[in-house]
Amino acid sequence: MFNRNRRLRTSESIRALVRETTLSPSDFMLPMFIAEGNNVKVAIDSMPGIFRHSLDNTVKEVKEAWQLGIKAVNIYVKVSDQLKDNTGKEAWNKNGLMQQAIRAIKDAVPGMIVMPDVALDPYSIYGHDGIIENSQIVNDATLDALTLMSLSHAEAGADFVAPSDMMDGRVFAIRRALEENGHHNVGIMSYSAKYASAFYGPFRDALDSAPVDQNEIPKDKKTYQMDYANRIEAIKETLDDVAEGADIVMVKPGMAYLDIVREVKNAVNVPVAVYQVSGEYAMVKAAAERGWLNHDQIMIEQLHCIKRAGANIISTYFAKEAAALLNK
């Protein structure tokens with residue numbers, strides 16, 4: 001027996017030579033929060049280092065990300081309360097904040113891939129991803145709203161639309177509308193396996209989009225987001241989305257769901273995106289601030305693990321920090 005596996009670990013040069021998984025800034029997608037106003041930069045307390053930016057500052061952030069080698073942004077907007085209702089109609093306002101943001105980013109950095117979020121929760125008085133009727137989230141009426149929203153994003157110049165709502169049939173409805181309106185080259189990145197997770201808490205602080213606590217209004221999103229105890233269901237959801245026309249599928253959250261990432265990767269022949277969500281980011285930041293973890297080492301290790309599990313794209317709040325470290 002002359003096998004010695006350690007021979008391939010004896011130096012960093014050898015380890016790098018045989019490394020199975022490598023990271024690049026082009027693997028990352030940067031989630032961004034956009035607010036009304038000018039020269040606005042509002043810190044999100046539960047997500048250290050992350051801010052809501054007005055359009056002018058958003059453009060600066062996008063230019064910086066591009067210089068770091070990041071090729072895609074996933075954008076979300078915080079709209080004022082007076083624009084919210086149960087229909088979400090502000091979501092397809094051609095001059096709405098999201099539509100302005102898409103145009104501003106594409107004008108400033110034409111090569112940046114812009115993937116705006118498609119869901120009604122930032123526009124809903126109830127904080128839900130769909131329209132509420134008789135105390136329930138109604139599927140088909142919501143599809144009509146999501147379709148109008150997606151068309152407005154395509155018309156503003158989005159490269160992909162990113163439905164995160166988890167309504168049944170929304171990928172087909174959106175794909176059909178895009179085709180019928182001549183947007184043949186606008187892609188769909190579907191949040192296919194999006195779980196009802198407690199890891200989303202800081203994100204809802206960022207957009208003020210948590211479900212409201214009112215009588216007869218669902219207090220959580222468990223009737224449309226997936227049960228975290230389920231695995232097979234994730235594959236079914238993802239295969240359905242691919243059949244309906246999704247160009248990219250997403251698993252969300254990330255680290256606690258790497259088994260799902262691998263299952264999805266093995267099941268589909270389209271790129272797989274993974275969202276390392278706000279709670280996962282905040283946990284690392286909090287532990288590092290207390291000196292319990294080495295921030296940069298944990299950040300890079302987690303991103304490697306997500307890619308190793310099968311991710312082609314990693315949507316992460318660490319994108320700029322990780323890219324800067326990888327570029328050294």
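Numerical summary
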quantity: In order through region 65-79: 3J(HN,Hα) via Karplus (6.51 cos²θ - 1.76 cosθ + 1.60), integer Hz, x for Gly, Pro; calculated: 4, 4, 5, 7, x, 7, 10, 8, 10, 10, 10, 9, 10, 10, 9
quantity: Sequence-distant residues sharing a close amide H with Val77 (under 5 Å, placed H); calculated: Ile34
quantity: Region 93-179, accessible area per residue, ligands and nucleic acids excluded (1.4 Å, Å²); calculated: 32 Å²
quantity: Relative contact order of region 155-195, pairs being alpha-carbon contacts under 8 Å that are 6 or more residues apart, as %; calculated: 58 percent
quantity: Using θ = phi - 60° and Karplus 6.51 cos²θ - 1.76 cosθ + 1.60, couplings along region 27-34 (whole Hz; Gly, Pro as x); calculated: 6, 9, 10, 9, x, 9, 10, 10
quantity: C-alpha center-to-center spacing [region 16-41, region 241-271] in angstrom; calculated: 19 Å
quantity: Percentage relative contact order, the chain, counting C-alpha pairs under 8 Å, at least six apart; calculated: 18 percent
quantity: Positive-end residue, the chain charge dipole about Cα centroid, Cβ charges, pick of Pro202, Leu143, Gly69; calculated: Gly69
quantity: Formal net charge of residues neighbouring Gly245 (Cβ-Cβ distance under 11 Å; K, R +1; D, E -1); calculated: -2
quantity: Computed lengthening from Ala324 to Asp56, 0.36 nm per intervening residue step minus Cα-Cα distance; calculated: 94.2 nm
quantity: Per-residue HN-Hα couplings for region 313-328 [Karplus 6.51, -1.76, 1.60; θ = phi - 60°; Hz; x = Gly/Pro]; calculated: 10, 10, 7, 8, 6, 7, 3, 5, 5, 5, 4, 4, 5, 5, 7, 5
quantity: Alpha carbon convex hull of region 71-136, volume per residue in cubic angstrom; calculated: 76 Å³
quantity: Share of pairwise Cα separations in region 239-326, more than 17 Å, in percent; calculated: 49 percent
quantity: For region 1-107, diffusion coefficient by Stokes-Einstein and Kirkwood Rh (Cα), 10 °C, 1.306 mPa s, µm²/s; calculated: 93 µm²/s
quantity: Debye log10 I(q)/I(0) at q = 0.07, 0.12, 0.16 Å⁻¹ for the chain, Cα point scatterers; calculated: -0.28, -0.81, -1.49
quantity: Whichever lysines have a C-alpha closer than 18 Å to that of Lys60, once near sequence neighbours (fewer than 8 apart) are set aside; calculated: Lys41, Lys71, Lys106, Lys320
quantity: Degrees separating the helix 139-156 axis from the principal Cα axis of the chain, which is the longest one; calculated: 70 degrees
quantity: Mean Cβ count within 10 Å, highest first, over the residues of peptides 48-56, 248-256; calculated: 248-256, 48-56
quantity: For the chain, the longest site-free run once GluC sites (Glu not before Pro) in DSSP loop states with at most 15 other Cβ atoms within 10 Å are removed; calculated: 37-215
quantity: Helix 97-108 vs. the chain, principal-axis angle (Cα, 0 to 90°, nearest 10); calculated: 50 degrees
quantity: With eigenvalues of the C-alpha gyration tensor scaled by 5 and rooted, region 140-229, Å; calculated: 27, 14, 13
quantity: Asp247-Leu148 pseudo-label distance in nm [points 7 Å out on the Cα-to-Cβ vector]; calculated: 2.5 nm
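The values are calculated or read from the model by the stated rules, or taken from the named source; none is laboratory data. What you are looking at is a predicted structure, and each value in this text was computed from that prediction instead of being measured. Reconstructed Cβ throughout: ideal geometry from the backbone, glycine too, with neighbour counts over all protein chains shown. When the accessible area is computed, the model is the full protein with side chains, heavy atoms only, and any ligands, DNA or RNA have been set aside. Shrake-Rupley method; radii C 1.70, N 1.55, O 1.52, S 1.80 Å.
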